[in-house]
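Engineer: Handing you this structure, nothing more for now.
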Amino acid sequence: MMIKQLSLLLALISAPAVSAIELTPDTWDAETSGKTVFVKFYAPWCGHCKALKPDWDKLMEEFASSTTQLIADVDCTADGNDALCTANGVQGFPTLKWGDPEDLQEYQGPRSFDALKEFAQENLKPLCSVKNIDLCDEDKKALIETYMGMSVEDLENAVEEKMVLIDDAEKNFDEEVEKLQQKYESLEKERGEAVAAVKASGLGLMTSVLKSKSAADETKDEL
């Protein structure tokens, strides 16, 4: 018994610790600065989040020593983190996002460890950004220089205008989906009424008579 306990203790001591990075609004800028990131936004009670955790922890460990790539977590239920999750457009759990910390894109691929690792290796490369302007093409460099020359107030107004366009697009989407839902419900009602009318017009009796006559014909053929 003592040997088994000692072996277990040694195994626990020698096991590599997972370098999990839990991002918060207070640590986001410092941890993500100058890096291309891959972030899991999650809730501890979420079943899919629990299923993903072992592979995601392994992925974080795999890239823990990188100075240009960051794999991290954000617990959207933790105090203060709801604003961070909302700002990044998180609407369900787990949501995986990657890229420039200031312009994250949603990851839509498979979620096995091998698939996540392959994606990270191929895509978590230094990207064009304000902090990595040397990686930008001439058009984006010109845009960044233009924005840098604007006042804070003008930039805030420009950002607000863009956000209004996004809000309008979201509103239009919701309205059109609602119309589709109403149309679906109307068509479903029409279908049900049409089917019910056909059945009420004698289909049941017609089917019963057909089966009876078919059975009688088969009996005659046998004779």
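Engineer: Hey, can you tell me all the residues within segment 85-114 that are over 17 Å from A20 (Cβ atoms) and of a type in the set (A, V, I, L, M)?
Structural biologist: Listed by number, the residues that qualify are A87, V90, L104.
Engineer: For K220, are the conditions met, namely being surrounded by fewer than 10 Cβ atoms within 10 Å (Cβ to Cβ), in a helix (DSSP H, G or I) and either at pLDDT below 90 or touching a Cys at 6+ places or on another chain (Cβ under 8 Å) (or both)?
Structural biologist: Spelling it out, K220 is indeed surrounded by fewer than 10 Cβ atoms within 10 Å (Cβ to Cβ), in a helix (DSSP H, G or I) and either at pLDDT below 90 or touching a Cys at 6+ places or on another chain (Cβ under 8 Å) (or both).
Engineer: Among the residues of segment 68-81, which ones are over 11 Å from V37 (Cα atoms) and of a type in the set (V, I, T)?
Structural biologist: V74, T77
Engineer: Assigned to a helix (DSSP H, G or I), over 22 Å from the mean Cα position of the chain (by Cα) and among the basic types (K, R), is that true of K171? Please lay out each step first, then the result.
Structural biologist: On the way: assigned to a helix (DSSP H, G or I): yes; over 22 Å from the mean Cα position of the chain (by Cα): no; among the basic types (K, R): yes.
No; evaluated as a whole, the condition is false for this residue.
Engineer: Give segment 149-174 a look and list any residue that's among the aliphatic types (A, V, I, L, M) and over 21 Å from L104 (Cα atoms), or say none. Outline the logic, then answer.
Structural biologist: Taking segment 149-174 first, the residues among the aliphatic types (A, V, I, L, M) are 150, 152, 155, 158-159, 163-166, 169.
Selection gives M150, V152.
Engineer: In this structure, does D75 turn out to be surrounded by 13 or more Cβ atoms within 10 Å (Cβ to Cβ), in contact with a Ser or Thr (Cβ under 6 Å, 6 or more places away or on another chain) and assigned by TED's automatic domain parsing to the domain that holds L23?
Structural biologist: Spelling it out, it is not the case that D75 is surrounded by 13 or more Cβ atoms within 10 Å (Cβ to Cβ), in contact with a Ser or Thr (Cβ under 6 Å, 6 or more places away or on another chain) and assigned by TED's automatic domain parsing to the domain that holds L23.
Engineer: Being of a type in the set (A, V, I, L, M) and closer than 16 Å to E31 by Cα is the filter; apply it to segment 53-72 and report the residue that is surrounded by the fewest Cβ atoms within 10 Å (Cβ to Cβ).
Structural biologist: A64
The values are calculated or read from the model by the stated rules, or taken from the named source; none is laboratory data. What you are looking at is a predicted structure, and each value in this text was computed from that prediction instead of being measured. Methodologically, a virtual Cβ is constructed for each residue, glycine included, from the backbone with ideal geometry; neighbour enumeration extends over all protein chains shown.
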